[in-house]
1. Out of all the residues in the range 294-339, which are in a loop (DSSP other than H, G, I, E, B), without any contact (Cβ under 8 Å) to a residue 24 or more places away in the chain and at negative phi?
2. Where in the range 1-109 are the strands (runs of 3 or more DSSP E), entirely inside, with at least 2 residues that are surrounded by 21 or more Cβ atoms within 10 Å (Cβ to Cβ) and out of contact with any Lys or Arg (no Cβ under 6 Å at 6 or more places or on another chain)?
3. I'd like to verify a number: residues in the range 268-280 that are polar (S, T, N, Q) and open to solvent by less than 40 Å² (accessible area, probe 1.4 Å), how many?
4. For the range 144-156, state whether one or more residues are polar (S, T, N, Q), touching a strand residue (DSSP E or B) at 6+ places or on another chain (Cβ under 9 Å) and closer than 30 Å to SER20 by Cβ.
5. Go through the residues of the range 171-191 one by one and say whether even a single one is assigned to a loop (DSSP other than H, G, I, E, B), in contact with a strand residue (DSSP E or B) (Cβ under 6 Å, 6 or more places away or on another chain), in contact (Cβ under 8 Å) with a residue 24 or more places away in the chain and under 23 Å from SER20 (Cβ atoms).
6. Scan the range 1-20 residue by residue and report those that are in contact with an Asp or Glu (Cβ under 9 Å, 6 or more places away or on another chain) and under 16 Å from PRO69 (Cβ atoms).
7. Report yes if GLY283 is crowded, with 23+ Cβ neighbours inside 10 Å and touching a Gly at 6+ places or on another chain (Cβ under 8 Å), otherwise no.
8. Just give me the residues in the range 202-246 being part of a helix (DSSP H, G or I) and open to solvent by less than 30 Å² (accessible area, probe 1.4 Å), in sequence order.
Amino acid sequence: MKLATLKDGSRDGRLHVVSSDLTRAVPASGVANTLQQALDDWMSMEPRLRALYDRVEAGAAIEAHPFDPAACASPLPRAYQWADGSAYVNHVELVRKARGAELPESFWEDPLMYQGGSDAFIGPMDDIPVTDERYGIDFEGEVAVVTDDVPMGISAEAAVGHITLVMLVNDVSLRGLIPGELAKGFGFFHGKPPSAFSPVAVTPEALGDAWDGGKLHRPLLSTLNGALFGKPEAGVDMTFDFGRLIAHAAKTRPLSAGTIIGSGTVSNKDSGGGPGKPVADGGLGYACIAEIRMIETIRDGKPSTPFMRFGDRIRIEMLDDDGASIFGAIDQTVVKAGG
């Protein structure tokens, strides 16, 4: 089943059920007006939404209309909680190595996670507004899951049963602001502006063999200004699966229905075990600019790839075996805030 939120002038938009091929959508107002409303009572809402989805798939929903990703908000335009992990420790290791620091062994055993702003996500085809190019504008291609109510202290094995939906995310980062914030010892704030999620959120079983219960096994495609920037495999080199990430988030607190848990930047090692290579060099590339800049720093002593500028366009997508888009594309242009 695939779900989307279309903009209707309200804060939370209107929930729609979308066909598997992303061509048709039907309002879910007879079941739930918003996705959060559905998640609050998922056990009873999910079968009703699925029945509507089956009608759309069968072509029996006469109220269906063409699906327009440009009309979408993020599936949850705002959420009670957005916690982003760093499940691909290869990415973290490169960050540390680029600044001459060793990676603590604990990083391979205990996930990193930060609590991001969740009061106002931007739509998958909305512009990314930034006030200053000097902030170091970067994209981060990730996978994310949405949970139902998760009890405190849950095990990783049990946590996977609380995953209701899977999405893609562009976790926009302002790299020039992050070091100064981290130096204060109190975490991100200015360096993490609003994120954007894929046009549709997909139930795990609809992902078929690509979903193994805790990981999504498909390449994540990032295209920067029309050129393929990265195609890392989301199911490879993921040190902590989503069960581990959810359990980590719920270690000392329950998680409310509608909590979003991110994977962190998808990152693969090279086939020889070293840092990944650019697509142009026969590698899988990267899911953020910072990673290639770290590799350039390690190799050359300084980075050479620039961060994004006003007018740059990033597209993040995942395709099935037949080349069809699974979640729809996040397709955004960086613009100067206020005009």
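1. The answer is LYS302, PRO303, SER304, THR305, PRO306, ASP321, ASP322.
2. Per the criteria, 2-6, 14-18, 82-85.
3. Residues flagged as polar (S, T, N, Q) and open to solvent by less than 40 Å² (accessible area, probe 1.4 Å) within the range 268-280 amount to 1.
4. Checked the range 144-156: at least one residue is polar (S, T, N, Q), touching a strand residue (DSSP E or B) at 6+ places or on another chain (Cβ under 9 Å) and closer than 30 Å to SER20 by Cβ.
5. Scanning the range 171-191 turns up no residue that is assigned to a loop (DSSP other than H, G, I, E, B), in contact with a strand residue (DSSP E or B) (Cβ under 6 Å, 6 or more places away or on another chain), in contact (Cβ under 8 Å) with a residue 24 or more places away in the chain and under 23 Å from SER20 (Cβ atoms).
6. At the first step, the residues of the range 1-20 found to be in contact with an Asp or Glu (Cβ under 9 Å, 6 or more places away or on another chain) are 1, 5-6, 14, 19-20.
Answer for the range 1-20, where residues must be in contact with an Asp or Glu (Cβ under 9 Å, 6 or more places away or on another chain) and under 16 Å from PRO69 (Cβ atoms): THR5, LEU6, ARG14, SER19, SER20.
7. On the way: crowded, with 23+ Cβ neighbours inside 10 Å: no; touching a Gly at 6+ places or on another chain (Cβ under 8 Å): yes.
Judged against the criteria, GLY283 is not a match.
8. Within the range 202-246, PRO204, LEU207, ALA210, PHE242, GLY243, LEU245, ILE246 meet the criteria.
The values are calculated or read from the model by the stated rules, or taken from the named source; none is laboratory data. Bear in mind that the values here come from a model prediction, so they are computed numbers and not experimental data. Note that each Cβ is placed from the backbone with ideal geometry, even for glycine, and that neighbours are counted across all protein chains shown. Surface accessibility is based on the protein's heavy atoms, side chains included, excluding ligands, DNA and RNA. Shrake-Rupley method; radii C 1.70, N 1.55, O 1.52, S 1.80 Å.
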